[in-house]
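Here the structure is laid out as C-alpha cells; the discussion comes afterwards.
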Amino acid sequence: MEKLKFMLHYAILAPSSHNTQPWVFKVIDNVIELYADRTRALLMVDPDDRALIISCGAALYHLQLAMHHFGYADRVELFPESENKDLIAKITAIDRSSKADEQSTDEHSSLFYAITKRRTNRSPFEQRKVSDDLLSALRMIAKEHSAWLEIVVDDNERKNKIADLISQGDRIQLSDKRFRRELAAWIHPNRSKSRDGMPGYAHGMTSDIASQLGPFLIRTFDIGKGQAAKDKELATGSPILAILGTDEDNPLDRIHAGQAIAKILLRARVDDVWASFMNQPIEVSDLRPKLLEALGRNNKTGFPQLLVRMGYSNDVKPTPRRQVSEVTTIT
Ligand SMILES: Cc1cc2nc3c(=O)[nH]c(=O)nc-3n(C[C@H](O)[C@H](O)[C@H](O)COP(=O)(O)O)c2cc1C
C-alpha cells in the first residue's frame, strides 16, 4: 500500500483545468479507486464537468504509467459501479512476474521520465518544425484511446479560422463577469502558499506586483479584446494546432480523452516539444460545431474535447500540487 501511495505522487502531476486537481484516491490493499471531486467543479467554464472528468482521465494515465515503471501491471475498470458516477476507475496493481506479456518497455520509461518535465507552457513557440514522426506518434496515441487527433501544420487558412474561433471564444467568455470571477479565483499571486490554482507566473505575470494585481484586473475589467488579440497571435504563430476529439461525448469518452491527452503531452516532451491549451472554442457551446466545421468534419463525425498548440520553447516553472496525503485515504 505504501508503494501504491508513492505512485500517486506521479498521478497528481497530471494537468487539470485551472489546476483544480479534481481527484481523490482511495487505496485498499492492491487496489486504487479514483474518484472525481466535484466540489472542485468550475461552474462557469465547465458546467457539465466535462473538463473535470478529462482531468481525472489524465491522472489515471499518469498512475498507469507509474505502475508500469515500478514493476506492476494494471487492471483498470472504468466506472465500475453504474450507480456511482464519481467512482471513475478501479485500478488493480498486479505483480508483473505473472504477466510476461506486460513487461515495461523503453517507451514506457521515456514517457514516465517525461512526467516531471511536462508543464503547460504558455510562451510563444519557435518557428522550428516538429517532426512528422512525432506527429504520427501523437495521432496513434489518440487512436489507441478511442479518440482522434486532427493536426493543423501548414494549412494557414485553416489555422486562421481556428485562431479566429479562439479569439471569438475569448471575447464571449471574458465579457461575462461570472466567468472572469471564477478564473480570477484560481489565479494566485506568485508568492501565494496555495497548492492549487495557477500562480500568476503561469500566465506570464512574472513580477510579484503583476501577479498580485492580475486577478483583480481580470475580475474587474472586460479584458476580452486584448486577450483575443494575444491568443490569435499565439495560435497563428505556433507551428502546430492540434484538436483531440472523440466520436461520442459520454463520460467514458471524456476519460479516454484524458488518458490520450496525458500521453500525447508526455510523448511530445520526450521530443522536447511543449504544449498549451486553447479550449475556448470548445468551452463556448455555440463555437464547438464551428470548430468541427473548420476541421472539415460535421457533428456526425465527432466531438472536439481539447485544443492545444505545440512547439519548441524555453522551460517554464512548474505549478504547485496538493500533497498526496490531502487527496488520498488509505483503508
Ligand atoms: C481538461 C483541461 C483543460 C484545460 N484548459 C485550459 C485552458 O483552456 N487554458 C489554459 O491556459 N490551460 C488549460 N489547461 C491547463 C491547466 O491550466 C494546467 O494543466 C494546470 O494549470 C496545471 O499546470 P501544469 O499543466 O503546468 O502542470 C487545461 C488542462 C486540462 C487537463
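Can you give me the number of residues within the stretch 1-56 that are in a loop (DSSP other than H, G, I, E, B) and charged (D, E, K, R)?
Final tally of qualifying residues: 5.
Tally time: how many residues in the stretch 86-126 are modelled with pLDDT under 95 and assigned to a loop (DSSP other than H, G, I, E, B)?
Number of matching residues: 4.
Any residue in the stretch 302-331 that is over 30 Å from ILE151 (Cβ atoms) sitting within a Cβ distance under 8 Å of a residue that is within 15 Å of the ligand (Cβ to nearest atom) and among the small types (Gly, Ala, Ser)? List the pairs, counting only those 6 or more apart or interchain.
PRO320/SER194
Could you grab me the full set of residues in the stretch 300-331 that are part of a loop (DSSP other than H, G, I, E, B), of a type in the set (Val, Ile, Thr) and within 15 Å of the ligand (Cβ to nearest atom)?
Scanning the stretch 300-331 gives VAL316, THR319, VAL327.
Looking at ASP170, ASP154, ASP196, ASP164, which one is in a loop (DSSP other than H, G, I, E, B), of a type in the set (Asp, Glu) and under 18 Å from LEU234 (Cα atoms)?
ASP154
Out of all the residues in the stretch 199-217, which are touching a residue at least 40 places away in the same chain (Cβ under 8 Å) and either surrounded by 14 or more Cβ atoms within 10 Å (Cβ to Cβ) or in a helix (DSSP H, G or I) (or both)?
Correct list: PRO199, TYR201, ALA202, HIS203.
Taking LYS26 as meeting all but one of (1) more than 13 Å from HIS62 (Cα to Cα); (2) within 15 Å of the ligand (Cβ to nearest atom), write down the number of the exception.
Unmet condition: (2).
For the subset of the stretch 271-299 comprising residues that are within 14 Å of the chain's Cα centre (by Cα) and assigned to a loop (DSSP other than H, G, I, E, B), which member is farthest from the ligand (Cβ to nearest atom)?
MET278
Out of the residues in the stretch 127-146 that are in a loop (DSSP other than H, G, I, E, B) and surrounded by fewer than 19 Cβ atoms within 10 Å (Cβ to Cβ), state the one that is nearest to the ligand (Cβ to nearest atom).
Once the filter is applied, the top-ranked residue is SER146.
Are there any pairs with C-beta distances below 7 angstrom linking a residue in the stretch 36-56 that is on the phi > 0 side of the Ramachandran plot to a residue that is surrounded by fewer than 16 Cβ atoms within 10 Å (Cβ to Cβ), with the two at least 6 apart or on different chains, and if so which?
Taking only residues 6 or more apart or on different chains, the pairs are ASP49/ARG38.
Under the condition of being in a loop (DSSP other than H, G, I, E, B) and surrounded by 14 or more Cβ atoms within 10 Å (Cβ to Cβ), which residue from the stretch 177-193 is nearest to the ligand (Cβ to nearest atom)?
Looking at the filtered set, the residue picked out is TRP186.
Among TYR72, TYR10, which is the only one that is at pLDDT below 95, surrounded by 20 or more Cβ atoms within 10 Å (Cβ to Cβ) and either more than 16 Å from the ligand (Cβ to nearest atom) or of a type outside the set (Val, Ile, Thr) (or both)?
Answer to the check: TYR72.
The values are calculated or read from the model by the stated rules, or taken from the named source; none is laboratory data. None of these values were measured; they are calculated from a predicted model. Neighbour counts are summed over all protein chains in view; Cβ atoms, including those assigned to glycine, are modelled from backbone coordinates with ideal geometry.
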